[in-house]
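The values are calculated or read from the model by the stated rules, or taken from the named source; none is laboratory data. Since the structure is predicted, the reported quantities are computational estimates derived from the model, not experimental observations. Reconstructed Cβ throughout: ideal geometry from the backbone, glycine too, with neighbour counts over all protein chains shown. Calculation scope for accessible area: heavy atoms of the full protein, side chains included, ligands and nucleic acids excluded. Shrake-Rupley method; radii C 1.70, N 1.55, O 1.52, S 1.80 Å.
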Amino acid sequence: MRRHTILILGGTHEGHAMAAALSDHALFTPVSSLAGRTDPPRHPPGEVRVGGFGGFMGLARYLGDAEIAAVIDATHPFAERMGWNAATACALAGRPLLRLERPPWRPGQGDRWTAVETWDEAVAHLEASGARSVFLPLGGRDLDAFAGLSTVSVLIRAVDAHDPPPPLRDATVITARGPFTVEGETALLRDHAIDAVVCRNSGGPAGAKLAAARSLGIPVIMRRRPPRPVVPRVASVPRAVSWLETLT
């Protein structure tokens, strides 16, 4: 029986789970593509390629050269450039594309959230709130927008150390990789006297910091997800596998 090669644009928990599901499937062979910006805790099952494709034209060529049958976009919700490149490349190459995306977080009872579209909006809210100690669990490129904060001390958490250091006047940087517990996040916020949390609406099971902020009554400034191309979308690996099976 002929196996179909499926390209998984991954680097996320969903991408890893998708590769695992396809590696055990009789019809499919997964190839996982990782951006390579951070060192993953483990490579997903099956073939793995690291690095970019050279824009949507490079990706379109790869889809043809590698005889890719379909593409699963399981990239991070904020990896919008890859999402648009995937949609354009699949259209050019005539390959079906599915977005596998974790549901976003939604505020619940006791949450004190302010939703923003940009980091400039987040900075404006911080300055207006009078916050003194802010938790920023963000990547290096996101931190540039906060360089103008002059009266706020900042706690930064990242998977890898920032090089160069973040452009903030009063910053403490810790490196750690989740998953994190509510107890640990609560202790972290208390120990650093955090009075505001700024984060992206990444969704998924890693919402311990939000539960901790809720329990302590700390306001959260939440950046909404950026727009993505309109393509078929599912929220679970079994549904993604079912979608692939309908193509064979």
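When only residues in region 106-123 that are assigned to a loop (DSSP other than H, G, I, E, B) and over 22 Å from L216 (Cβ atoms) count, which is most open to solvent (accessible area, probe 1.4 Å)?
Applying the filter and picking the extreme gives E117.
Read through the list (1) free of Cβ contacts under 8 Å to residues at least 12 places away in the same chain; (2) part of a helix (DSSP H, G or I), then give the number of the only condition that P164 fails.
Among (1) free of Cβ contacts under 8 Å to residues at least 12 places away in the same chain; (2) part of a helix (DSSP H, G or I), the lone unmet condition for P164 is (2).
Would you call V197 under 19 Å from the mean Cα position of the chain (by Cα), crowded, with 16+ Cβ neighbours inside 10 Å and not in a helix (DSSP H, G or I)?
Criteria met by V197.
If we keep just the residues of region 167-191 that are modelled with pLDDT under 90 and assigned to a loop (DSSP other than H, G, I, E, B), which is most open to solvent (accessible area, probe 1.4 Å)?
The extreme case among them is R169.
Could you figure out which of (1) surrounded by fewer than 20 Cβ atoms within 10 Å (Cβ to Cβ); (2) under 17 Å from N201 (Cβ atoms) isn't true of L136?
(1)
If W119 meets every condition in (1) over 24 Å from A20 (Cα atoms); (2) of a type outside the set (G, A, S); (3) out of contact with any Asp or Glu (no Cβ under 7 Å at 6 or more places or on another chain) apart from one, which number is that one?
(3)
Take residues that are modelled with pLDDT of 90 or more and under 17 Å from the mean Cα position of the chain (by Cα) and tell me which of the strands (runs of 3 or more DSSP E) falling wholly in region 9-74 contain 3 or more.
Passing ranges, in order: 28-34.
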